[in-house]
Structure formats: structure tokens, C-alpha cells
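This report refers to the structure that appears directly beneath it.
The values are calculated or read from the model by the stated rules, or taken from the named source; none is laboratory data. Bear in mind the structure is a predicted one, so any value in this text is a computation, not a measurement. Ideal geometry is used to build each Cβ from the backbone, glycine not excepted, and the neighbour counts take in all protein chains shown. Just so you know, the surface numbers come from the protein's heavy atoms only, side chains and all, with ligands and any DNA or RNA stripped out. Shrake-Rupley method; radii C 1.70, N 1.55, O 1.52, S 1.80 Å.
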Amino acid sequence: MALEFSKRVARIPSYPVAGGYAQDVPAVLLASNESPYPPLPAVREAIAQALVTLNRYPDPSSSVLRRRLSERYGVPESQIAIGNGSCDILLAAGEALLEPGAELVYAWPSFSVYPHLAAASGARALQVPLDDSERHDLDAMLGEITVATRLALVCNPNNPTSTAVAPERIAEFLEEVPAHVCVIIDEAYCEFNLLEDPDSSIALLERYSNLMLLRTFSKVHGLCGLRVGFALCGSQALPRALDQVRQPFFCNALAQAAAIEALGHQDEVLDRVARTVAERISVAERLRALGLEPAESQANFCWFHLGDGRDEGEVMRGLRERGVLVRGGAALGEEGALRVTYGRPEENERFLQALAEVL
Ligand SMILES: Cc1ncc(COP(=O)(O)O)c(C=O)c1O
């Protein structure tokens, strides 16, 4: 007899995982918005040192990491939440805020985990189309907020379209959102955004107790293999609620040690951003030379429509046969487009050559 799972399980969409994990031939991995640069030697050393105490549980409140984040961002420790990746915080926020009868609002296409929140909780999701420049339409999102809304998500820069909205627009949006609605600004890629100082949103936390800025060590810090993210919150109530719905010890000891060390290397962060932005400019030029129109990227990846009736699946197959893995738009909410992470210069070159051949 087949097992009977809860109705919730039937509703929850599977996360569209990238291919390439079981590949024998080393591929150019441009499908998951990872950093092409390995963890820094000092971070690897911190991880090695933490190995010897793995017989102990990790610090359940990540106290040293929260203290360092507090010093770095000027937000009280009690208003900082840690997660097993920032996805863990997103899912916990869904669990803490949503239930049948409640609503959440987010743009679409946006991060593929957001649909999970409604499906898991039974809340109603309102997906608001991006505007013509593939940016969040914050006015249209405001129009969908009702007394039933508990959560509004803004992904800035947006995954998968790479575009960002200006900080003034975010501030205007927050001014209009009723105080009973939690607003999560998902800033997984904010370090790559040259439209603004990545930390300009932090001042908003003093004005809006319903605000959560979601960040991660997975992208610019290159630690996605360890899973560690954090949220800077406008109130203590938010981190407290997140901790209530999660298992204890959700952030492992190696991840905490690595994140603490990584925070001490901000000059390296700037250097990686500069290298990524140089690739961003040159890849965009090359794509335009192929007749494509990439969206205005403020992230570590680009997004473009294939146009001319080209078949996304065929283009993906052609790239894969040439050893290049990217993400197709169909799995991310919009068929006929590609999302491509910037790799090292030689990896980007392989992608561009493969794409030219396939097109
Ligand atoms: C917009 C966005 N938010 C959050 C995450 C989750 O990152 P992590 O759970 O690795 O911190 C990602 C990962 O791709 C992302 O693109």
C-alpha cells in the first residue's frame, strides 16, 4: 500500500535544483549564482580549527556571530536572526507568520522558494508581475495588500531577473505598507548592487519594526556549501518568532566559525565585487553583440530572453553538450529566457563561445 502524505506535501512545489552534481566531466557551473572563488585561506583555517570540537553541539544562539554582525551593521544583537542559509529564515518566517486565511504578496518571476511559503502554510499567495524593465512593480504590490496580508517579499536585486529597484522606492514602499505586514527585503545579492551602498537599507530598520533585511554568506562570501544566512530585523519579536518554529542548533559549528572569520575580510568582498562587475560589463557587451538584450544586472548573474522563437530547452541542451550549465527560465517562472551566473573570465568565455555556436 502506498504511503499517505499530508495534503500540504502535495501542494508544495519541488525546488528546481540545478543539474551538474553527478557529472563526471567537469562542467562550467553557471546555474546556481554561486561564487566562482573558493573560501579564503583564513576562512578555511577557521573551519579546520572548529573541526576539533565537533563532538560538542554548536552554540544554539550563534552568539559570537551575532555580536560580530551587530558590530559590523550597527543593529542590536537581539534584532539579528541566524539561519541554516537564508532560505531557512525565509521558511521559518513563512511558518511564523502564515496560516490558512492569511495572504502574502511577492513579485513574479522572483526567487523560486517564495511559492513554497503559501503552499506549506495554506496561505494565499498574490504574485505581482514585474514591470516592463523586469523590476518589481512596488505600486502594484501595494495594491494587493489587504487586512489579510501578513508578509510582503521584495527581492532586491531580484533573482532571476538580476534587476534592482532604487533605495528611495523601497523607502516609499515601506512608508505605505501597513504596520501589521512584515516586509522582507531579500538582499542575497545586495553587495553586487552598484545603484546604492549595499548597507543603505539598514537605516530603515530604525523606522520600521515590521522590516526584515535578509542576507547570506552564500553569495559574495562564497560559503553556500556550509549554509549560513542572517536577518537584520526592525524588532526583537521577529528573531524570537523565527527561533520558536525551528529546531535548536540549526546553524552548524563550522558554518558559524566560517562566517565569523569571513566577516573580517571586507576588503576581499570589495575585490570580488569588482571582479564580478568587470565580468558583468564584458558579458553584457558580448551578449548584445549576439543580438540579445540582457536585463540591467545589479547582481552576480545575468538574465536575457532568447527571442526569435528560439527554444529554451534546445539552447540549454546545446550548452550542456558543450559542458556549460546555466538555468532556463521555464523552471524560474518565465520560459524562453536564461539566467547565467558570472564565473571566472575563462568560464564566461566558454559560455559565450558555446552560446554563439548554439544560437
Ligand atoms: C534571492 C535569494 N534569496 C535567498 C537565497 C538563499 O540563499 P541561502 O539559503 O544559500 O542563504 C538565494 C539563493 O540562491 C536567492 O537567490
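Structure values in brief
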| item | result |
| --- | --- |
| Qualifying residue in the range 241-250 (condition: assigned to a helix (DSSP H, G or I) and among the hydrophobic types (A, V, I, L, M, F, W, C)) | yes |
| Answer residue from the range 290-315, given it is among the aliphatic types (A, V, I, L, M) and under 19 Å from ALA164 (Cα atoms) and is surrounded by the most Cβ atoms within 10 Å (Cβ to Cβ) among those | ALA299 |
| Tally, over the range 89-104, of residues that are within 16 Å of the ligand (Cβ to nearest atom) and aliphatic (A, V, I, L, M) | 6 |
| Among the residues listed as ARG56, ARG67, ARG11, ARG44, the single one being surrounded by fewer than 18 Cβ atoms within 10 Å (Cβ to Cβ), more than 16 Å from the ligand (Cβ to nearest atom) and under 30 Å from PRO178 (Cα atoms) | ARG11 |
| Tabulated pairs, the range 205-232, first under 15 Å from GLU187 (Cβ atoms) and without any contact (Cβ under 8 Å) to a residue 40 or more places away in the chain, second within 11 Å of the ligand (Cβ to nearest atom) and of a type outside the set (Asp, Glu), C-beta under 6 angstrom, 6+ apart or interchain | LEU213/ILE185 |
| Qualifying position, being of a type outside the set (Lys, Arg), more than 13 Å from the ligand (Cβ to nearest atom) and more than 24 Å from GLN247 (Cα to Cα), among ALA166, ALA119 | ALA166 |
| Matching residues, the range 181-214, being over 19 Å from GLN79 (Cβ atoms) and away from the ligand (no atom under 16 Å from the Cβ) | LEU194, LEU195, GLU196, ASP197 |
| Hits in the range 316-345 - residues which are open to solvent by 10 Å² or more (accessible area, probe 1.4 Å), assigned to a helix (DSSP H, G or I), of a type in the set (A, V, I, L, M, F, W, C) and out of contact with any Gly (no Cβ under 8 Å at 6 or more places or on another chain) | ALA331 |
| Pair list, Cβ under 7 Å, 6 or more apart: the range 266-289 residue of a type in the set (Phe, Trp, Tyr) and surrounded by fewer than 17 Cβ atoms within 10 Å (Cβ to Cβ), other residue in a helix (DSSP H, G or I) and modelled with pLDDT of 95 or more | none |
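Residue-wise test of (1) at pLDDT 95 or above; (2) over 19 Å from the mean Cα position of the chain (by Cα); (3) surrounded by fewer than 16 Cβ atoms within 10 Å (Cβ to Cβ).
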{"residue": "ARG124", "(1), (2), (3)": "yes, yes, no"}
{"residue": "PRO129", "(1), (2), (3)": "yes, no, yes"}
{"residue": "GLY143", "(1), (2), (3)": "yes, yes, yes"}
{"residue": "THR149", "(1), (2), (3)": "yes, yes, no"}
{"residue": "ALA152", "(1), (2), (3)": "yes, no, no"}
{"residue": "CYS155", "(1), (2), (3)": "yes, no, no"}
{"residue": "ASN158", "(1), (2), (3)": "yes, no, no"}
